[in-house]
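What follows is one structure encoded as structure tokens, with my remarks underneath.
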Amino acid sequence: MDRFDSITKIDVPDEHPISIFDRFWHAEHAKADLVAWRSFDPMTMPTVLPWVMLLDCLPDDEYQYRLCGTGCENLLGVNLTGKMFGAVVKKTWAHKSKREFTQIREGKGPFYSKGKLPIDDREYIEMNRAVYGFSASGTEIDRIMAIVAPIDRKRLLSLA
């Protein structure tokens, strides 16, 4: 597996952070087309927080990391908070992700994938990933949340 492959949420174990967050997001999405940012209470999902990457949607198809959880920081070897999207990962991966982000902003998704970490010297780590849209403004999807966590349970627990 040298790239990220699309998967369904069914492929992700129930206790995985993606499954936990996915249940919340779908429950909120059932209430409204735009999932309101204010509906997310991080205190209700402490096991998910280390694996959160939150991005603000900027003009011209640009994205900036608002938050990079500690598990992601340990996984990636860098804290992305405040950095522009694509600064660390391989360009092909950044391009694919931006296409997903555009689709999320159009109301499609969430998207799920699994694969090896797209960072040189960390490609041995296999991970699950899910991408969701949120609306802080109430009028459009203006935040992207990715949950990125190792597939291996031992690695998941050791990096959190």
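The values are calculated or read from the model by the stated rules, or taken from the named source; none is laboratory data. Please read all numbers here as calculations on a predicted model, not as lab measurements. Glycine also receives a Cβ, built like all others from the backbone with ideal geometry; neighbour counts cover every protein chain displayed.
Just one of the numbered conditions (1) among the acidic types (Asp, Glu); (2) within 15 Å of His16 (Cα to Cα); (3) modelled with pLDDT of 95 or more is not true of Asp152; which one?
Unmet condition: (3).
Conditions tested, residue by residue: (1) closer than 27 Å to Trp93 by Cα; (2) touching an Asp or Glu at 6+ places or on another chain (Cβ under 8 Å).
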residue	(1), (2)
Glu28	no, no
Ala32	no, no
Ala36	no, yes
Ser39	no, yes
Met45	no, no
Pro50	yes, no
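Only one of these is assigned to a loop (DSSP other than H, G, I, E, B), hydroxyl-bearing (Ser, Thr, Tyr) and at pLDDT 80 or above: Thr102, Thr81. Name it. It would help to see each step written out before you state the result.
Values: Thr102 fails: assigned to a loop (DSSP other than H, G, I, E, B).
Selected residue: Thr81, the only one of Thr102, Thr81 that is assigned to a loop (DSSP other than H, G, I, E, B), hydroxyl-bearing (Ser, Thr, Tyr) and at pLDDT 80 or above.
Please go through (1) more than 21 Å from Met127 (Cβ to Cβ); (2) in a helix (DSSP H, G or I); (3) in contact (Cβ under 8 Å) with a residue 12 or more places away in the chain for His26 and return the number of the only condition it doesn't satisfy.
All conditions are met except number (3).
In the range 67-93, which residues are crowded, with 17+ Cβ neighbours inside 10 Å and either in contact (Cβ under 8 Å) with a residue 60 or more places away in the chain or touching a helix residue (DSSP H, G or I) at 6+ places or on another chain (Cβ under 6 Å) (or both)? Can you show your working first?
Going through the range 67-93, the residues crowded, with 17+ Cβ neighbours inside 10 Å turn out to be 67-69, 71-72, 75-76, 80, 85, 88-89, 93.
Selection gives Gly69, Gly71, Cys72, Leu75, Trp93.
Select from the range 105-143 the residues that are outside any strand (DSSP E or B), at pLDDT 90 or above and over 16 Å from Ser6 (Cβ atoms) and list them in ascending order. It would help to see each step written out before you state the result.
Our first condition is that a residue be outside any strand (DSSP E or B); within the range 105-143, this holds for 105-110, 117-125, 136-142.
Restricting the remaining residues to those that are at pLDDT 90 or above gives 105-108, 110, 136-142.
Within the range 105-143, Arg105, Glu106, Gly107, Ala136, Ser137, Gly138, Thr139, Glu140, Ile141, Asp142 meet the criteria.
How about the range 39-61: which of its residues are loosely packed, with under 14 Cβ neighbours inside 10 Å and without any contact (Cβ under 8 Å) to a residue 40 or more places away in the chain?
From the range 39-61, those loosely packed, with under 14 Cβ neighbours inside 10 Å are 41-44, 46, 58-61; that's our starting set.
Residues satisfying the conditions are Asp41, Pro42, Met43, Thr44, Pro46, Leu58, Pro59, Asp60.
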